[in-house]
Amino acid sequence: MSKEEILLRAYENAKAAFIPVCDEECARVLREQCEKTAPERILEIGTAVGYSAAVMALACGAQVDTIDMDEERLLAAQKLWKELGISGRIHAFCGDVKAILEQVTHGKKYGLVFIDGPKSAYRYIFDHMKGHAEENAVIISDDVNYLGLVQGEGYPPHKHRTIVVNMRKYLEYISAPPFETSIFWEDGIAVTKVKKW
Ligand SMILES: C[S@@+](CC[C@H](N)C(=O)[O-])C[C@H]1O[C@@H](n2cnc3c(N)ncnc32)[C@H](O)[C@@H]1O
């Protein structure tokens with residue numbers, strides 16, 4: 001099996017098991033940004049079964065630190081990376097992101113960050129990167145148009161209100177100086193360039 005076939009199988013198995021993985025468009029953006037920025041180190045929040053970490057590791061020669069709180073998913077991820085021959089460059093950390101982010105990133109700087117974990121922690125993770133982001137780092141936030149409800153100013157349904165309101169505030173924050181953010185609404189991705197922080 002080629003690497004592409006192994007990746008496709010991992011993607012399809014995850015979908016069949018209702019495990020959320022980044023879609024084709026998001027994978028394309030990740031590849032493109034990895035090739036463009038050629039980061040030495042990548043941080044990912046939300047590993048799931050290792051699909052997006054593999055996409056990034058295969059697109060550049062970076063070391064990848066990735067965090068997830070689901071031990072079973074991390075075991076599946078490690079199997080995938082081994083099969084792809086990239087397990088030596090991907091370092092998985094198991095735990096709640098807010099509890100372990102400090103320890104994982106201690107003394108390290110990242111050229112690319114992919115935020116694809118709990119929405120309630122996006123702002124916390126983003127702010128944490130101050131001091132851990134290389135100059136000209138790129139921070140990619142996934143699923144920012146949660147259920148298509150974030151774009152515009154419509155009043156969200158009661159049960160999604162907190163997530164939608166907080167996501168709108170997050171996008172406003174990352175779109176103002178010193179950050180430059182492009183929001184791809186259709187794909188639900190925000191790409192932020194960090195110049196000076
Ligand atoms: C959308 S999935 C990640 C998909 C993955 N990036 C991909 O595209 O292949 C989100 C992951 O975040 C993890 N997660 C949710 N809350 C978390 C938390 N508080 N700390 C760490 N991981 C968390 C979930 O277990 C889940 O696997």
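For segment 1-80, chymotrypsin sites (Phe, Trp or Tyr not before Pro) are listed when DSSP marks them as loop and at most 11 other Cβ atoms sit within 10 Å of their Cβ; the list is PHE18.
Given N residues in segment 62-107, what is its alpha carbon radius of gyration divided by 2.2 N^0.38 Å? Don't jump to the answer; show the numbers that get you there.
Working: Rg = 11.0 Å, N = 46, 2.2 N^0.38 = 9.4 Å.
Here the answer is 1.17, to two decimals.
Rolling a 1.4 Å probe across the protein heavy atoms gives the chain an accessible surface of 52 Å² per residue. Extension gain, SER175 to MET1, is 58.4 nm, computed as 0.36 nm per intervening residue step minus the present C-alpha separation. The trypsin sites (Lys or Arg not before Pro) found in segment 82-137 that occupy coil by DSSP, while having at most 15 further C-beta atoms within 10 Å, are LYS108, LYS130.
Report the local net charge at ALA121: Lys and Arg +1, Asp and Glu -1, summed over other residues whose C-beta lies under 10 Å from its C-beta.
On the way: positive: LYS98, LYS119, ARG123; negative: ASP96.
Computed value for this residue: +2.
Restriction of the chymotrypsin sites (Phe, Trp or Tyr not before Pro) in segment 115-191 to DSSP coil positions whose beta-carbon has at most 16 other beta-carbons within 10 angstrom yields TRP185.
Dividing the summed helix terms, -39500 (n - 2.57) for each DSSP H run of n ≥ 4, by the number of residues in the chain produces a 222 nm estimate of -13000 deg cm²/dmol to the nearest 500.
Per-atom-type breakdown for segment 15-174 gives carbon and sulfur 49% of the accessible area (1.4 Å probe, protein chains only).
State the antiparallel share, in %, of DSSP beta bridges confined to the chain, rounding to the nearest 5. If you can, show how the numbers build up before the last one.
On the way: 12 of 31 bridges.
Around 40 percent of the beta bridges assigned by DSSP in the chain are antiparallel ones.
A crude spin-label estimate for the pair LYS109 and GLU35, with each label 7 Å from Cα along the Cβ direction, gives 2.7 nm. Could you compute the net charge surrounding GLU12? Neighbours are other residues with a C-beta less than 13 Å from the C-beta of GLU12; K and R count +1, D and E count -1. Taking every other residue near GLU12 into account, the sum is -2.
Report the net charge of residues surrounding GLY85, where surrounding means a beta-carbon distance below 15 angstrom and charges are Lys +1, Arg +1, Asp -1, Glu -1. Please list the in-between numbers first.
Details: positive: LYS3, LYS79, LYS82, ARG89; negative: GLU4, GLU5, GLU83.
In short, +1.
Here is what passes the span test in the chain: the DSSP H helices with alpha carbon length of 15 Å or more along the helix axis and a Kyte-Doolittle mean of -1.0 or above are 3-16, 71-84, 161-175.
Taking a cut-off of 31 Å, what percent of all Cα-Cα pairs in the chain are separated by more than that? Show your work: numbers first, answer last.
Values: 2567 of 19306 pairs.
When all Cα pairs of the chain are counted, 13 percent exceed 31 Å.
In a Gaussian network model over the chain where Cα atoms closer than 10 Å are linked, find which of GLU172, GLU72, GLU153 has the largest mean-square fluctuation. Comparing GLU172, GLU72, GLU153 in the GNM, the peak value goes to GLU153.
The values are calculated or read from the model by the stated rules, or taken from the named source; none is laboratory data. Because the structure is predicted, anything quoted here is derived from the model rather than measured. All Cβ positions, even for glycine, are placed from backbone atoms using ideal geometry, and neighbour counts span all protein chains on display. Note: areas computed on protein heavy atoms with side chains; ligands, DNA, RNA excluded. Shrake-Rupley method; radii C 1.70, N 1.55, O 1.52, S 1.80 Å.
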